[in-house]
Structures are given as C-alpha cells and as structure tokens.
Amino acid sequence: MNPRYTAIVAVTVLAGAAACSGQRMPPKALVDARADYFRAKDGPAMQLDPTHVHEAEIALDRAEHAWQESPSDPTAIDLAMIADRKALLAEAEAATIQAQREIARARDQIEVNKTSELKTAKGALNQTQQALGQTQMQLQDQERQTATLEAKLREARDTIAKIASVKDDERGMVITLPGEVLYKTGSWDLKPAAMAKLEEIARVLKDKEQPIVVYGFTDSVGTRDNNMSLSQKRASAVRDYLVGKGVPQDLVTAQGKGPEDPVADNNSVEGRAQNRRVEIVVQPKH
Amino acid sequence: MRSRTLWTVAVGAVPWAMACGSSVPPPHDQWAEAEANLGRAQVAGAPDVPVAKLHMRLAQEDLQKAKELMDQDNKRAASLSALANSEAQLALSLAKAAASQDEARKAEFELQYPNTSNK
C-alpha cells in the first residue's frame with residue numbers, strides 16, 4: 001500500500017475513534033452513582049460511617065473501569081447500580097448512627113431530669129416530714145395539756161361535788177347552790193356558811209381560766225321586777241365573793257334571771273325552795 | 001496438508017471454546033446470599049418503609065432474572081445476583097434507619113413532654 005494512503009487511513013481511524021470516545025455519554029446508572037457517591041462523601045456519612053463510603057468509592061471505581069472497558073456490557077450497568085446502592089447504603093447507615101446518638105442523648109437527658117426531679121421531690125418530702133413531726137409534737141403537747149386540764153377539772157368537780165350539786169349540761173359544768181344555804185330570806189347578804197362553801201369553790205376555780213357565769217334564780221312569789229332585781233343582786237354577791245377570793249374578774253359575770261327556768265313546781269313549798277337557787281356555770285374553754 | 005492442519009486446529013478449538021463458555025460457574029452462593037439478605041430486610045420491617053420496599057422489589061426482580069439466566073449466562077447471572085444483594089442490603093439499612101429515626105423522635109418527645117405517653 002502506498003505509504004501516503006496508509007497515513008491518511010490511520011489518521012482518519014484515530015480521529016474517528018477519538019471523536020467517538022469524546023462523544024460517548026456515560027449511562028444514567030453511572031451518572032446517578034457518581035452523584036450519590038459524592039453526596040455521601042461530602043455529607044455526614046463521611047464522618048459517621050467512612051467505611052461504607054469507602055466501599056462505595058471502590059464500587060464506583062470498578063463501575064467506571066467496566067464502563068471504560070466494555071461500555072455495551074450490561075454487567076457494567078449492574079456495577080454502576082451496585083456502586084449507587086452502596087453510596088445510598090452509606091447514607092442510610094449514617095442516618096442510623098445519627099439517630100442512635102440522638103436517642104442516647106435524649107435518654108441521658110431524661111435520666112438527668114428524672115434524677116433532678118427525684119432530688120427535688122425528696123427535698124420536699126423531707127420538709128413535709130419535718131413539718132409533720134413538728135405538728136405531731138405540738139399535737140402531743142396539746143393532748144397532754146388537755147389531759148392535764150381534764151384531770152384538774154375532774155378533781156375540781158369531785159371537790160365541789162362534796163359541797164354542792166354538780167351536773168353537766170349544754171352550758172358546761174353547772175354548780176347549783178340552794179338559796180337557803182346562801183342568803184337570809186329577802187336578802188342578798190351571804191351567810192357565813194355560804195362563804196365557806198364559796199371560798200372552797202373559788203379555790204378550785206381560780207386557776208381554771210374558764211369563763212364563769214353566775215345565775216341567780218327566785219321562785220314565782222312576788223313581782224317579777226322585784227324577783228329580777230333580787231336575783232341580780234344575789235348573783236352579783238356571789239360573783240363579787242368569788243372575785244374577792246382570787247377568781248379573775250374578767251372571767252366571771254353575774255346575771256339575774258328571776259323566776260325564769262324553774263327546776264320545780266312553784267305551787268309547793270319544796271318546789272319553790274328548789275327554784276330559789278344560784279347556778280355557777282363553768283363554760284368550756286374556747 | 002493444509003486441510004489437515006485446519007482440521008486439527010478446529011478439533012482442538014471445540015473443547016477450548018466449551019471450556020471458555022463454562023469458565024464462570026453458576027452463582028448459586030451469591031444468589032443464596034442475596035436471598036438471605038432479602039429475608040433479613042423483610043424481618044427488619046422493610047415492607048413498612050416505602051423506599052426500602054421499593055429496593056426489596058428491585059432485589060426480587062434481579063433475583064428472578066438471575067435465576068432465569070443461571071447456566072445460560074452465568075456471568076450476567078452473577079452480576080444480577082450481586083446487584084440483588086446490594087438492593088437487599090440497602091433495603092435492610094433503610095429499614096433500620098427508619099426504625100432508629102422513629103425511636104429518636106419518640107425519645108425526643110418523651111424528653112420534651114415527660115408526663116405524656118406517646119406510645
């Protein structure tokens with residue numbers, strides 16, 4: 001062959017090959033694999049799971065090489081798709097690692113919060129227990145004081161019961177003294193025997209710190225006004241005597257009730273005698 | 001003389017060509033491995049995650065094609081088995097990622113609203 005023709009043919013073939021090579025477009029699978037690989041390499045997967053990113057890189061190199069070698073071989077497309085899946089897998093694994101870290105962080109924080117809440121609750125519980133302890137002590141003190149008062153009251157009642165009639169009603173402890181024992185008829189001057197009894201009663205009541213009301217009562221004989229006046233004067237005489245013997249003045253009041261609230265029939269001598277009386281009411285302590 | 005030589009070459013080339021055709025053994029192991037990974041993806045909940053489910057389906061299709069090509073085109077069957085394996089592994093990873101992200105959301109919710117149950 002003419003060397004000149006040989007050179008022309010060679011140049012034409014090389015140029016054609018070069019042109020073909022330059023125009024050859026990579027398959028879509030390879031383009032996708034490249035894009036997915038570079039996204040994984042530039043994303044968090046590179047820090048979180050570099051091993052899988054590296055495997056994707058190797059697979060991509062193999063796919064590139066296969067395509068260069070045999071662009072029409074379907075296994076080259078398979079390799080490109082394998083490289084693409086490996087890149088996607090690296091990103092998925094990185095997402096799992098990221099999520100696991102977030103779970104661990106959230107759980108750690110939950111534990112910290114729970115510990116803090118528990119500490120606060122324990123503190124509050126301690127305070128409540130201390131307050132409860134104080135309240136219980138106060139309650140025990142009050143119970144002791146009440147028991148002491150009740151004992152004293154029983155003692156007082158027993159003492160008074162020896163010299164007068166004692167009963168309990170809704171007003172409190174009621175000490176009843178017959179009028180004949182205390183006064184001469186129509187008078188409010190106390191008899192000496194009455195003073196002895198009242199002195200004993202005053203001795204018992206003066207430390208009680210309980211309100212005392214002295215009620216004076218008459219029978220129904222005579223005018224109401226006279227009876228009211230007489231009963232007031234008799235009640236006051238008893239009150240003054242009690243105060244004189246040490247019962248606090250501000251705790252004792254006197255009230256005349258005349259013929260009101262009779263305890264017996266005013267038509268008989270015995271009944272009228274029972275109605276003429278003084279009641280010393282020791283009210284409950286408020 | 002010349003035809004005798006050609007005959008000799010031709011007879012010798014037949015077993016050589018047969019040997020070349022069967023140089024890639026049927027990829028039973030690769031196929032089985034891909035199928036096993038497909039099973040793992042299934043167990044991990046991939047069918048409940050749309051994108052993972054898609055890759056499971058692609059893996060199934062590749063496995064089916066590989067099975068059809070087995071002993072006819074072992075090279076391609078092996079390539080498809082490898083691709084199916086990658087699809088199955090990806091489906092498994094996507095399922096695990098979805099589960100972890102769901103768990104992370106629940107943990108965050110529990111952190112933000114400690115007295116509320118989100119289960």
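The values are calculated or read from the model by the stated rules, or taken from the named source; none is laboratory data. What you are looking at is a predicted structure, and each value in this text was computed from that prediction instead of being measured. FYI the Cβ positions are ideal-geometry reconstructions off the backbone, even for glycines, and counts take in every protein chain you see.
A:Arg62 meets the stated requirement of being under 30 Å from B:Ser79 (Cβ atoms) and more than 9 Å from chain B (Cβ to nearest Cβ). The strands (runs of 3 or more DSSP E) falling completely within the range A:142-226 that include 2 or more residues that are crowded, with 16+ Cβ neighbours inside 10 Å map to A:172-178, A:212-217. Of the residues making up the range A:107-121, those that are farther than 18 Å from B:Ala104 by Cα, facing chain B (nearest Cβ under 10 Å) and of a type in the set (A, V, I, L, M, F, W, C) number 0.
The residue that is surrounded by the fewest Cβ atoms within 10 Å (Cβ to Cβ), among those in the range B:62-119 that are among the acidic types (Asp, Glu) and more than 7 Å from chain A (Cβ to nearest Cβ), is B:Asp71. Restricting to the range A:70-94, name every residue that is free of Cβ contacts under 8 Å to residues at least 24 places away in the same chain, assigned to a helix (DSSP H, G or I) and surrounded by fewer than 22 Cβ atoms within 10 Å (Cβ to Cβ). Within the range A:70-94, A:Pro74, A:Thr75 meet the criteria.
Going by the conditions given, is A:Arg239 among the basic types (Lys, Arg) and under 25 Å from A:Pro284 (Cβ atoms)?
yes
A count restricted to the range A:229-286 and to residues that are surrounded by fewer than 18 Cβ atoms within 10 Å (Cβ to Cβ), among the small types (Gly, Ala, Ser) and assigned to a loop (DSSP other than H, G, I, E, B) stands at 3. Of all residues in the range A:84-100, exactly one satisfies the criterion of being farther than 20 Å from B:Ala44 by Cα and either small (Gly, Ala, Ser) or outside the structural domain of A:Thr51 (by TED's automatic domain parsing) (or both), namely A:Ala87. In the set A:Ser231, A:Ser165, A:Ser220, A:Ser187, only one residue is hydroxyl-bearing (Ser, Thr, Tyr) and farther than 19 Å from A:Gln255 by Cα; that residue is A:Ser165.
Of the residues that make up the range A:157-167, is at least one within 16 Å of A:Ile212 (Cα to Cα), assigned by TED's automatic domain parsing to the domain that holds A:Ala235 and among the hydroxyl-bearing types (Ser, Thr, Tyr)? No, the range A:157-167 contains no residue that is within 16 Å of A:Ile212 (Cα to Cα), assigned by TED's automatic domain parsing to the domain that holds A:Ala235 and among the hydroxyl-bearing types (Ser, Thr, Tyr). Filtering A:Glu170, A:Glu200 for residues that are charged (D, E, K, R) and in contact with a helix residue (DSSP H, G or I) (Cβ under 9 Å, 6 or more places away or on another chain) leaves a single hit, A:Glu200. Just one of the listed residues (B:Asp71, B:Asp29) is out of contact with any strand residue (DSSP E or B) (no Cβ under 8 Å at 6 or more places or on another chain), part of a loop (DSSP other than H, G, I, E, B) and farther than 20 Å from A:Glu93 by Cα, namely B:Asp71. Among what's in the range A:31-69 and is outside any helix (DSSP H, G or I) and touching a helix residue (DSSP H, G or I) at 6+ places or on another chain (Cβ under 6 Å), pick the residue that is surrounded by the most Cβ atoms within 10 Å (Cβ to Cβ). This residue is A:Asp49.
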